[in-house]
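For reference, the structure is listed below as structure tokens.
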Amino acid sequence: MRELARSDVIRELAMTGRIFTGAEALAYGFATSLYADPLAAARATAKEIAARSPDAVRAAKRLLNAAADADSAAILLAESKEQAKLIGSPNQIEAVRAGVEGRPGRFADGE
């Protein structure tokens with residue numbers, strides 16, 4: 001919770017046990033967004049992610065997971081290594097071609 005909301009908000013919620021609304025969760029930093037149809041929004045987000053290169057999605061996930069425990073130099077080095085693995089790979093080439101041709105990518109999921 002410390003990474004999401006201010007200390008005073010966390011203390012107030014922890015000490016009172018108060019139930020808060022979705023709008024408050026968004027304002028506090030506990031929610032990313034609010035939707036009238038959250039299932040449809042989740043499916044749309046999943047579809048958007050699934051349309052990306054699986055190699056690039058996994059690389060982004062690794063970098064974001066590592067960033068919490070690393071300093072700036074380590075993060076930059078990790079990002080450089082991930083980019084070196086991605087650039088020129090079959091899925092990266094397909095992503096560029098698909099973008100230029102205005103079509104969805106046809107990616108191979110080797111993992």
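Tally time: how many residues in segment 1-17 are in a loop (DSSP other than H, G, I, E, B) and either open to solvent by less than 80 Å² (accessible area, probe 1.4 Å) or of a type outside the set (D, E, K, R) (or both)? So the answer is 4.
Within segment 23-67, the set of residues being assigned to a loop (DSSP other than H, G, I, E, B) and touching a residue at least 12 places away in the same chain (Cβ under 8 Å) comprises Gly29, Phe30, Leu34, Ala51, Arg52, Ser53.
The values are calculated or read from the model by the stated rules, or taken from the named source; none is laboratory data. Quantities reported herein were computed from a predicted structural model and do not represent experimental measurements. As a convention, Cβ positions derive from the backbone with ideal geometry for all residues, glycine included, and neighbour counts pool all protein chains shown. Surface accessibility is based on the protein's heavy atoms, side chains included, excluding ligands, DNA and RNA. Shrake-Rupley method; radii C 1.70, N 1.55, O 1.52, S 1.80 Å.
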